[in-house]
Amino acid sequence: MKKRTKIIIAVTLVFFISFIAIMGFIGNYFYDLALNPDSDKSIVFNNDKTENNTDFDEINTFFENQKYEDRYIENDDLNLHAYDFKQNSDIYVIVVHGYISEANQMGISAEHFFQAGYNVLAVDLRGHGSSDGDYIGMGWDDRKDIQAWIKELVKENSEYKIVLYGVSMGAATVMNTTGEKLPDNVKVAIEDCGYTSTWDIFSYQLDSIFSLPDHPFLDSANIITQIRAGYDLKQGAIDQLGKSKTPTLFIHGDKDTFVPFYMLDELYKESSVEKEKLVIKGAGHAQSHLVNPKRYWKTVDNFIKKYL
């Protein structure tokens, strides 16, 4: 082999290895930023331009004052936790929180459903609250956990009627769950400000925060996600809704800058089930129930009653 050929091969090999190393570094950086539950998320949340008018003291009051049972199940080699607010009802509302949140920050929603006379199961998603998990499922792997909770409730009482309610990542979880084979007990779903897929929301945030393109940055993150967490960022609600048989209410605030408002119509269009759409004017991300609570809860309650 000629010396020149050897040099070309060596340079090419060094370039290739360097490229792989750089892409690996980039992929791991964005994976840890977005999907490691213990990493600093301030750069992500600082990108939400919505004024924070949520009173967390008020939200947590329900969990502090109302009696509940801590429930645990095993799924996917994880110990998963939920708060169970039980009363004399054959209806259960499974309440699903959002990204880097936990069940006890869903107090307003949990209290509303409880006061309406329903049992409430407020779940901690994997990697959140008191549930096990070393990565964030973004609503995809979480769908398997909600299926497990549904199975647990049906095993307890085969006559339970089940409502799925989620906000933000919890909404994505709910939509992803409805795309799976569910028992007839699941009657209705409410999604509030969910996203089309993890890839789509990460693409939006990548451009919004860093002004970076999908390729090669998101591609690298997706490869690392598949290696470390075992799922594909491109899997999501936009595909699951086409398989859903669960009547679904779609809600979004038109001033949402965290999960863009246009995703509402994309999701609604893909859904072939009985459905309704609710747009709350002036509401930012996950604030629809705060900006216009009367219209919000009236619409939610009427939609639920329609299918129970």
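No lab work stands behind these numbers, since they all come straight from the coordinates. Just so it is clear, the structure is predicted and the values come from calculations on it, not from any experiment. Methodologically, a virtual Cβ is constructed for each residue, glycine included, from the backbone with ideal geometry; neighbour enumeration extends over all protein chains shown.
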Worksheet item: Which one of Gly98, Tyr72, Leu206 has its Cα pushed farthest toward the positive end of the charge dipole of the chain, where Lys and Arg give +1 and Asp and Glu give -1 at the Cβ?
Response: Leu206
Discussion item. Placing unit charges on C-beta atoms (Lys and Arg positive, Asp and Glu negative, everything else neutral), compute the dipole magnitude of segment 159-267 about its Cα centre in debye, rounded to 20.
Written reply: 360
Discussion item. On C-alpha positions alone, give me the angle between the axis of helix 3-35 and the longest principal axis of the chain, in degrees, nearest 10.
Written reply: 20
Worksheet item: Of the chymotrypsin sites (Phe, Trp or Tyr not before Pro) in segment 192-232, which ones lie in a loop per DSSP and count no more than 13 other C-beta atoms within 10 Å?
Response: none
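Using alpha carbon coordinates only, what is the Rg to Rh ratio of segment 191-256, with Rh defined as the Kirkwood radius? Write out the running numbers ahead of the final one.
Values: Rg = 13.9 Å, Rh = 13.4 Å.
Reported Rg/Rh (Cα atoms, Kirkwood Rh): 1.04.
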Practice prompt. Return the loop-located GluC sites (Glu not before Pro) in segment 82-191 (DSSP other than H, G, I, E, B) with at most 10 other Cβ atoms within 10 Å of their own Cβ; answer none if there are none.
Written response: Glu159
Worksheet item: Which value results when the Cα radius of gyration for segment 228-308 is divided by 2.2 N^0.38 Å?
Response: 1.21
Practice prompt. Give the angle, between 0 and 90 degrees and rounded to the nearest 10, that separates the Cα long axis of helix 217-228 from the longest principal axis of the Cα atoms of the chain.
Written response: 70
Practice prompt. Would you calculate, for the chain, the mean residue ellipticity at 222 nm contributed by helices, counting each DSSP H stretch of 4 or more residues as -39,500 (n - 2.57) and dividing by all residues, to the nearest 500?
Written response: -13000 deg cm²/dmol
Worksheet item: Dipole size in debye (nearest 20) for the chain around its Cα centre, Lys and Arg Cβ +1, Asp and Glu Cβ -1?
Response: 1140
Item to complete: State the extension gain, in nm to one decimal, for the chain segment bounded by Glu156 and Ile7, taking 0.36 nm per residue of separation less the distance between their alpha-carbons.
Response: 46.7 nm
Practice prompt. Specify the longest stretch of the chain that does not include any exposed loop site, a site being one of the trypsin sites (Lys or Arg not before Pro) with a non-H, G, I, E, B DSSP assignment and at most 12 other Cβ atoms within 10 Å.
Written response: 68-180
Worksheet item: Which lysines, on any chain, are close to Lys245 with Cα under 21 Å apart, when same-chain ones fewer than 8 places away are left out?
Response: Lys144, Lys151, Lys161, Lys181, Lys187, Lys269, Lys275, Lys277, Lys305, Lys306
Fill in: Where only C-alpha atoms are counted, convex hull volume of the chain per residue in Å³
144
Response to the item:
Between the Cα axis of helix 56-65 and the main Cα principal axis of the chain, the angle (0 to 90°, nearest 10) is 50
Practice prompt. Quantify how much of the Cα-Cα distance distribution of segment 154-268 extends past 25 Å, in percent.
Written response: 30
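Computed FRET efficiency, Cβ-Cβ of Asp219 and Asn302, R0 35 Å: what is it to the nearest 0.05?
Computed FRET efficiency for Asp219 and Asn302: 0.20.
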Discussion item. Which of Ile17, Ile280, Ile223 ends up with the largest GNM mean-square fluctuation for the chain, with Cα atoms connected below 10 Å?
Written reply: Ile17
